[in-house]
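A short write-up of the structure that comes next.
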Amino acid sequence: MDGLLQDLRYALRLLVRAPAVTLPILAALALGIGANTAMFSVIDAVLLRPLVYSDPSHLVLLWEKDANQTIFPVAGANFLDFRAESTSFSQMAGWIPQGFVLTGGDRPEQLRGGAVTANFFATLGVKPALGRPFLPDEDGLLKPEAYSRVVILSDRLWREQFGSDLNILGRMIRLNDQQFAVVGVMPPDFQFINRRHSLWVPVRFEAGNRTFHNLTTVARLREGVGVPAATQECMAIARRLAERYPGTNRSWTVRIDLLQDWLGLNGKDFRTTLYMLGGAVMLVLLIACGNVASLLLARAVSRRREIAIRAALGAGRWRVIRQLLTESTLLSVLGGLLGLLFAVWLLRISRSILPPNSIPPTVPIRISSAVLWFTTAVSVLTGVLFGLAPALEASKVDAHATLRDGGRGSTGGRRAGRLRSGLVVIEVALATVLLAGSALMLQSLNKLTSVELGFRPQKVLSFSVFLPISKYPEPDRVLSFYNRMTEKIRSLPGVESVSTASHLPLQPMTHTIPFELDIDTVHEEGERPGIYYVTLDSGYLQTLGVALKDGRGFAPTDTASGAPVVLVNQAFADRYYKNQRTVGRFLRINRPILGKNGFEPTVRAEIVGVTANVKLDRLSSEAEPTIYIPFAQNIWNSSTMVAVRTSQNPEALVAAIRREVQSLDKDQPIDRVATMEDTFDSFFAGPRFRTVLMSAFAGVALLLAILGIYSVNAYAVSQRRNEFGVRMALGASPEQILRMALTTALWQTVIGAAIGVAASIGLASVLRTLLFGVTPTDPVTLAAVVAILAVVALIAGLAPAIRASRIAPAIALRQG
């Protein structure tokens, strides 16, 4: 222990005496370790920390798949059969997203919530922080007469709307124009499938319905049962259901996913992004370690005489290594402490850096005990990593030879030079990987932002209106409200046109209906494939600026009493009527019913027009075949989107629009207010986030590579002064010396870049899912990266090379 304390005191004195070396090392380590600590904090919070549910590894999601292998939530009646017949699960529960209008406060609020089976919270293994969960049969699935209007609030809603009232239990609140009794409040960190829900009520659905697939099903595996066994059992149940109910269940199968695999905050892309950025920031740390090791090697060469004296006085090789490792570890620990402070600052701004909604508000990103252990481990390992090679090299000193000639021209110096050159090659290789990744992402982002949307988002305001079925139970009343609303909004100054639709562009498409071409053999409703569809009014194409490719758009005369008509997009026409005219053809479709979990009988509808393809929720995907139905012919959803095209700033109209809506119904709020341009811009938050960070990492890596190439070549020139002097004395020109000095830098760069390109090609599969319009092995990009590094090598090596070409032969020979 006394020896260790002595080594620490000596190391500290040496570091204080050499600030020109100590400060750059501490800065590099603080940057590398701090960035790694911050990134690990995010990964720990998002991907590594267990879910808040009890024993989450046993929770699975059950889906149904149609004949096209498209996954859907489970139909209500099928859910009851799976729950009754399966033995693989101890619990099975269902959840349906639902909108609510809360009234009785200062102004009406539109809320997002969920309708769940009574055992939903028990299945997840969570309990309310206040009150109780739903009681058995309160959902009325088995006993309709037992259905209860009770509600469980989220912690956020309880605090914001009800002032954290501890007497909230039993209080009646008005939701969707009906009274509900509050029976519980959930803990602050509770959520399901990354949805920020405000409340939950018991679910209601038609127990015999097998055609409307809308019940997201979560189940808990019994002890000893795995996903394969549960899948096999549920597949057998699905086959039995297909035999019992061929009209609705034929060709339907199942799929089971572990819940923690399905989650991951914006899906696999975001998980891949975090892992990729974690790897990138680790490469930055490795490059920093390479530079630090290079500096320590240079310092070790200058300390050869000191080490030789210590060896002559009896210090063994291990004693020298221990002293040098103590110095490097002390440096890394100090760098780690500074890095921890840097990480705390980064985490404070992390919410503004991360893409919107990528991390739920309930996920705490903080310096946890796991993060502290990570930082400690990284600091110590970093000290050993960058200190070991210099320590081993310095400990090989020949004390007798070094003291005899003063250390000039020793073989140890040349060995150190070769080691430093090797470190530069590694730095260049790692920088190549980061530069290639950054360049590919920049290209991908550029292509993504220039994608053809199929509509004009400029000066369009969008918002949603939710009309509770309990208050607006009939399609005629819903249509009357929206007709009057659009008339009022259209009369506002600056409004050019208004449209209503079940979905707008750049929104997730989740609704499908059964359909088939009129030329096909007639199938049962359950055997027909599903297709995406949207209901919209006659002003939609004008308001959104969607081009009509053929035929006509919807007209005011396309009402419920008129002949059924539809529009289709170009993707539909290309897939089903290739090289044939689409307009005038007929489809057989089943339209959903307002307030019902089911579809109307088959309707034969004429295709009256073909529209341009419009991008939906994934800009990087090809357009899906979609059909459009007149709003007046199929009012099926309580929630409707409204688009308003203006001649001025759209946001300036929000207050006026809210007044006009509430002049029709004082308890009617509007929600999800945004401009279409902002919605469009939000699609780039994720790609922009990873592109900016990768570019920042690549920039730091490039800077470190420049410093590494410069320092190694400056060191090499100093070591070869005598050689260059002899060559010039024998007739070598300054230009020849300049080329010789630059050759070293170029060869280091060429070898490092070649290794980096090979590594980039090997890592192509990691980037493939994150790129759009560019391949991860794009030769032009990789060639450009190599060219950039070649220029960098020339710049970094030029100053030492110029100094070498200006060496005076007489002085060099005298100093040699």
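The values are calculated or read from the model by the stated rules, or taken from the named source; none is laboratory data. All figures in this text were calculated on a predicted structure; none of them were measured in a lab. Neighbour counts run over all protein chains shown; Cβ positions are idealised from the backbone, glycine included. Side chains are part of the model used for accessible areas, which takes the heavy atoms of the whole protein and leaves out ligands, DNA and RNA. Shrake-Rupley method; radii C 1.70, N 1.55, O 1.52, S 1.80 Å.
Go through P601, P592, P625 for me and flag whichever is in contact with an Asp or Glu (Cβ under 9 Å, 6 or more places away or on another chain), under 28 Å from V203 (Cβ atoms) and in contact (Cβ under 8 Å) with a residue 12 or more places away in the chain.
Step by step, each of P601, P592, P625 is checked, and only P592 is in contact with an Asp or Glu (Cβ under 9 Å, 6 or more places away or on another chain), under 28 Å from V203 (Cβ atoms) and in contact (Cβ under 8 Å) with a residue 12 or more places away in the chain.
Just give me the residues in region 219-257 being among the aliphatic types (A, V, I, L, M) and farther than 17 Å from K65 by Cβ, in sequence order.
If the condition is that a residue be among the aliphatic types (A, V, I, L, M) and farther than 17 Å from K65 by Cβ, then L221, V225, A229 are the ones that fit.
Is there a residue being among the polar types (S, T, N, Q) and either open to solvent by 10 Å² or more (accessible area, probe 1.4 Å) or under 30 Å from R658 (Cβ atoms) (or both) anywhere in region 129-150?
yes
So in region 228-280, with the set limited to residues that are at pLDDT 95 or above and of a type in the set (S, T, N, Q), which one is nearest to L767 (Cα to Cα)?
Only one residue tops the list, namely T231.
Scan region 626-639 residue by residue and report those that are open to solvent by 10 Å² or more (accessible area, probe 1.4 Å) and part of a loop (DSSP other than H, G, I, E, B).
If the condition is that a residue be open to solvent by 10 Å² or more (accessible area, probe 1.4 Å) and part of a loop (DSSP other than H, G, I, E, B), then I635, W636, N637, S638 are the ones that fit.
When you go through F697, F680 one by one, which is the residue that is closer than 16 Å to L504 by Cβ, at pLDDT below 90 and buried (at least 19 other Cβ atoms within 10 Å of the Cβ)?
Answer to the check: F680.
When the residues of region 658-677 are filtered to those that are under 27 Å from Q178 (Cβ atoms) and under 34 Å from the mean Cα position of the chain (by Cα), which remaining residue is most open to solvent (accessible area, probe 1.4 Å)?
Initial filter on region 658-677 (under 27 Å from Q178 (Cβ atoms)): 658-673.
Then keep just the ones that are under 34 Å from the mean Cα position of the chain (by Cα); that gives 658, 669-673.
Values: R658: 58, P669: 7, I670: 19, D671: 34, R672: 104, V673: 58 Å².
In this case the residue turns out to be R672.
Select from region 330-354 the residues that are modelled with pLDDT under 80, among the aliphatic types (A, V, I, L, M) and open to solvent by 30 Å² or more (accessible area, probe 1.4 Å) and write down the one among them that is farthest from F374 (Cα to Cα).
Among them, the one singled out is I353.
Give me the residue from region 476-491 that is open to solvent by 60 Å² or more (accessible area, probe 1.4 Å) and in a helix (DSSP H, G or I) and, out of that set, farthest from S638 (Cα to Cα).
Among those that are open to solvent by 60 Å² or more (accessible area, probe 1.4 Å) and in a helix (DSSP H, G or I), it is R490.
Tell me, which strands (runs of 3 or more DSSP E) lie completely within region 492-572 with 3 or more residues that are open to solvent by less than 20 Å² (accessible area, probe 1.4 Å) and in contact (Cβ under 8 Å) with a residue 24 or more places away in the chain?
Fully inside region 492-572 and qualifying: 495-501, 512-517, 530-536, 565-569.
If the requirement is being surrounded by fewer than 18 Cβ atoms within 10 Å (Cβ to Cβ) and among the charged types (D, E, K, R), which of these qualifies: R220, R210, R239?
Result: R239 is the single residue among R220, R210, R239 that is surrounded by fewer than 18 Cβ atoms within 10 Å (Cβ to Cβ) and among the charged types (D, E, K, R).
Which of the residues that make up region 58-83 are under 15 Å from R239 (Cβ atoms), hydrophobic (A, V, I, L, M, F, W, C) and touching an Asp or Glu at 6+ places or on another chain (Cβ under 9 Å)?
Once the filter is applied, which keeps residues that are under 15 Å from R239 (Cβ atoms), hydrophobic (A, V, I, L, M, F, W, C) and touching an Asp or Glu at 6+ places or on another chain (Cβ under 9 Å), region 58-83 yields only A67.
Consider A122 carefully, then state whether it is out of contact with any Cys (no Cβ under 7 Å at 6 or more places or on another chain) and open to solvent by less than 30 Å² (accessible area, probe 1.4 Å).
Judged against the criteria, A122 is not a match.
Being among the small types (G, A, S), under 19 Å from A207 (Cα atoms) and touching a helix residue (DSSP H, G or I) at 6+ places or on another chain (Cβ under 9 Å) is the filter here, so list the residues in region 59-96 that pass it.
If the condition is that a residue be among the small types (G, A, S), under 19 Å from A207 (Cα atoms) and touching a helix residue (DSSP H, G or I) at 6+ places or on another chain (Cβ under 9 Å), then A75, A77, S86, A93, G94 are the ones that fit.
Among residues belonging to region 731-758 that are within 29 Å of the chain's Cα centre (by Cα) and surrounded by 15 or more Cβ atoms within 10 Å (Cβ to Cβ), point out the one that is farthest from S711 (Cα to Cα).
V757
Looking at V614, V642, V608 in this structure, which one is in a loop (DSSP other than H, G, I, E, B) and within 22 Å of Y532 (Cβ to Cβ)?
Criteria check complete, one pass: V614.
Filter region 443-453 down to residues that are open to solvent by 30 Å² or more (accessible area, probe 1.4 Å) and within 21 Å of G762 (Cβ to Cβ), then give me how many there are.
Matching residues across region 443-453 total 1.
If you scan region 767-781, which residues turn out to be open to solvent by less than 60 Å² (accessible area, probe 1.4 Å) and in a helix (DSSP H, G or I)?
L767, T781
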